[in-house]
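Everything on this sheet refers to the single structure shown next.
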Amino acid sequence: MRAVPEGFEEAYRVQQARYPSAGVGWQPIHTVYVPADRFSARTVSEWGDQALSLVKAHLADPGSLAEVFGVPGGLGAAVHAKVVEKLSAEPVEDLRIDFEDGYGVRPGLVEDEHVAQAVEAVATMHAAGTLPRRWGPRVKSFADGDPGRSVRTLDLFVTGVVERTGELPPGFTVTFPKVLMEAYLGHFADVLEQLEAELEVPLRFEMQVEAPQTLHFLRGDLAESLGGRLAAAHFGVFDYTAAIGLPPHEQRLDHPACDHARHVMQTAFAGTGVELSDGSLAASPASGLGRDVHALWRRHAELVRHSLRHGFYQGWDMHPSHLVSRFATVYAFHLARYDAYQERVRAWEEQREAGGGVMDEPATIRTLVAALRRADAALP
């Protein structure tokens, strides 16, 4: 009998570490970005209240939801009920306190003051049990040439929260934007390692893919090379489309150039456990009139469906109105096929035909099971 090829055990060990292929678990379906100077302990509840007011005014019943979002009539009642339930109980799943583009450049002492205010708000929310399941800051980019400001904000924020709460509440992550050089990732991971050693708290981060240069160094071993600190990669539609020279009216999430970038991200991080998130719609209702609110919801729903079809199950929301179209579209997406997926899995397990000429095979069954678990995690 031939011997095992030399070096196989090491290659297999690397494979298991690099591609853990963890099962589908909970992942936020959105990240809400709020400029740091506008963030308070009331932000989440205020967003929920505003979104519920829009539902009451412009989406009063299942029939109107089905019409606005193109939801099959049979699902209208279930989706409407779930949207109202979600907005009442948990309007924000993932919160990012923004010290970057949404915040701008401020004098150092001013940013320090806003960090302190954000820390106080986080501590208040934690004590009240209203801190979202995922939360944290977005700091400034190293690409701006001033890493000191980015590191100072992170240090003050994390240290302040630990001092005020006695811990780093679960769900913390920090967003690192505009990664134009691979070396910046290593530099940022080193900062996290030092801060973690000082505070004895676990620290992970998510990178933003906002430039064509970033695509060149996305690969399967990237997370491994960063000591497992890379938790997610988020696509930045406006910086990316600007960087490749698209005209302003083509800066949209469903542009083919954005599809390409998303697919590169998927290819690079498949099986690594690094979560993926899509970007945002930079628009709000033109007025409080029903026609303008519905127009915004329809456009946002188109983009959310586009992301879902491409395998991106998380995206950014930038305005309270987006919560309505986000939840309605995601819930309809999962519910529309849930029973059919479940029946196909059951037929496979019972070794019988699923019907309708369907011929499933193992990879498809794994995908069906993952879709059902994703739906179970997303639906309230």
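Output yes when any residue across the stretch 158-177 is part of a helix (DSSP H, G or I) and among the polar types (S, T, N, Q), and no when none is. Let's see the steps before the verdict.
Going residue by residue through the stretch 158-177, those that are part of a helix (DSSP H, G or I) are 158-165.
With the extra rule that they be among the polar types (S, T, N, Q), the set shrinks to 159, 165.
Yes - at least one qualifying residue is present in the stretch 158-177.
If you check every pair at least six apart or on different chains, which have Cβ atoms under 6 Å apart with a residue in the stretch 163-181 that is free of Cβ contacts under 8 Å to residues at least 40 places away in the same chain and surrounded by fewer than 23 Cβ atoms within 10 Å (Cβ to Cβ) first and a residue that is among the hydrophobic types (A, V, I, L, M, F, W, C) and in a loop (DSSP other than H, G, I, E, B) second?
Listed by first residue and then by second, the contacts come to 168/201; 180/211.
Can you work out which of the residues in the stretch 230-245 that are of a type in the set (A, V, I, L, M, F, W, C) and not in a strand (DSSP E or B) is least open to solvent (accessible area, probe 1.4 Å)?
Restricting attention to the stretch 230-245, the residues satisfying the condition of being of a type in the set (A, V, I, L, M, F, W, C) are 230-233, 235, 237-238, 242-244.
Remaining after also requiring not in a strand (DSSP E or B): 237-238, 242-244.
On the way: 237: 3, 238: 69, 242: 60, 243: 59, 244: 67 Å².
Checking each candidate, the answer is 237.
Taking the stretch 82-109 as the search range and keeping residues that are touching a helix residue (DSSP H, G or I) at 6+ places or on another chain (Cβ under 8 Å) and in a helix (DSSP H, G or I), which one is most open to solvent (accessible area, probe 1.4 Å)?
Once the filter is applied, the top-ranked residue is 88.
Listed here are the residues, each with its yes/no results for (1) open to solvent by less than 30 Å² (accessible area, probe 1.4 Å); (2) aromatic (Phe, Trp, Tyr); (3) not in a helix (DSSP H, G or I).
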position	(1), (2), (3)
296	yes, no, no
338	no, yes, no
347	yes, no, no
367	no, no, no
380	no, no, yes
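Here's the yes/no breakdown for (1) touching a Ser or Thr at 6+ places or on another chain (Cβ under 7 Å); (2) under 13 Å from residue 209 (Cα atoms):
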| site | (1), (2) |
| --- | --- |
| 241 | no, yes |
| 245 | no, no |
| 249 | no, no |
| 261 | no, yes |
| 264 | no, yes |
| 267 | no, no |
| 272 | no, no |
| 278 | yes, yes |
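Are there any pairs with C-beta distances below 6 angstrom linking a residue in the stretch 216-229 that is open to solvent by 40 Å² or more (accessible area, probe 1.4 Å) to a residue that is of a type in the set (D, E, K, R), with the two at least 6 apart or on different chains, and if so which?
221/18; 224/18
Can we say residue 148 is without any contact (Cβ under 8 Å) to a residue 12 or more places away in the chain, surrounded by fewer than 23 Cβ atoms within 10 Å (Cβ to Cβ) and either in a loop (DSSP other than H, G, I, E, B) or of a type outside the set (Lys, Arg) (or both)?
Values: without any contact (Cβ under 8 Å) to a residue 12 or more places away in the chain: yes; surrounded by fewer than 23 Cβ atoms within 10 Å (Cβ to Cβ): yes; either in a loop (DSSP other than H, G, I, E, B) or of a type outside the set (Lys, Arg) (or both): yes.
Taking the combined requirement at face value, the residue satisfies it.
Inspect all residues belonging to the stretch 271-278 and state whether any of them is at positive phi and surrounded by fewer than 20 Cβ atoms within 10 Å (Cβ to Cβ). Show your work before the answer.
Restricting attention to the stretch 271-278, the residues satisfying the condition of being at positive phi are 271, 273.
Those left that are additionally surrounded by fewer than 20 Cβ atoms within 10 Å (Cβ to Cβ): 271, 273.
Within the stretch 271-278 (the criterion being at positive phi and surrounded by fewer than 20 Cβ atoms within 10 Å (Cβ to Cβ)), the answer is yes, since at least one residue qualifies.
Anything in the stretch 190-215 that is at pLDDT 95 or above, in contact with a helix residue (DSSP H, G or I) (Cβ under 9 Å, 6 or more places away or on another chain) and open to solvent by less than 20 Å² (accessible area, probe 1.4 Å)? List them, or say none.
Within the stretch 190-215, 192, 195, 203, 205, 207, 208, 209, 210, 211, 214 qualify.
Pairs only if they're at least six apart or on different chains, beta carbon under 9 angstrom, first in the stretch 353-380 and closer than 30 Å to residue 83 by Cβ, second part of a helix (DSSP H, G or I) and at pLDDT below 90; list them, first residue then second.
Here the result reads 368/348, each pair linking the stretch 353-380 to a residue that is part of a helix (DSSP H, G or I) and at pLDDT below 90.
Within the stretch 299-309, identify whether any single residue is hydrophobic (A, V, I, L, M, F, W, C) and open to solvent by 30 Å² or more (accessible area, probe 1.4 Å), and answer yes or no. If you could, list the steps in order and put the result at the bottom.
Here is the first cut: in the stretch 299-309, the ones hydrophobic (A, V, I, L, M, F, W, C) are 301, 303-304, 308.
Those left that are additionally open to solvent by 30 Å² or more (accessible area, probe 1.4 Å): none.
Looking for residues that are hydrophobic (A, V, I, L, M, F, W, C) and open to solvent by 30 Å² or more (accessible area, probe 1.4 Å), one finds none in the stretch 299-309, hence no.
For residue 78, all conditions in the list (1) open to solvent by 30 Å² or more (accessible area, probe 1.4 Å); (2) touching a residue at least 40 places away in the same chain (Cβ under 8 Å); (3) under 27 Å from residue 129 (Cα atoms); (4) part of a helix (DSSP H, G or I) hold save one; what is the number of the exception?
So the condition that residue 78 fails would be (3).
Every residue in the stretch 37-79 that is closer than 22 Å to residue 285 by Cα and small (Gly, Ala, Ser), please.
Hits for the stretch 37-79 are 45, 48, 51, 53, 57, 60, 63, 64, 66, 70.
The values are calculated or read from the model by the stated rules, or taken from the named source; none is laboratory data. Remember, predicted model here, so these are calculated numbers, not experimental data. Positions of Cβ are backbone-derived with ideal geometry, glycine not excepted, and every protein chain shown enters the neighbour counts. Just the protein is used for accessible areas: all its heavy atoms, side chains included, with ligands, DNA and RNA removed. Shrake-Rupley method; radii C 1.70, N 1.55, O 1.52, S 1.80 Å.
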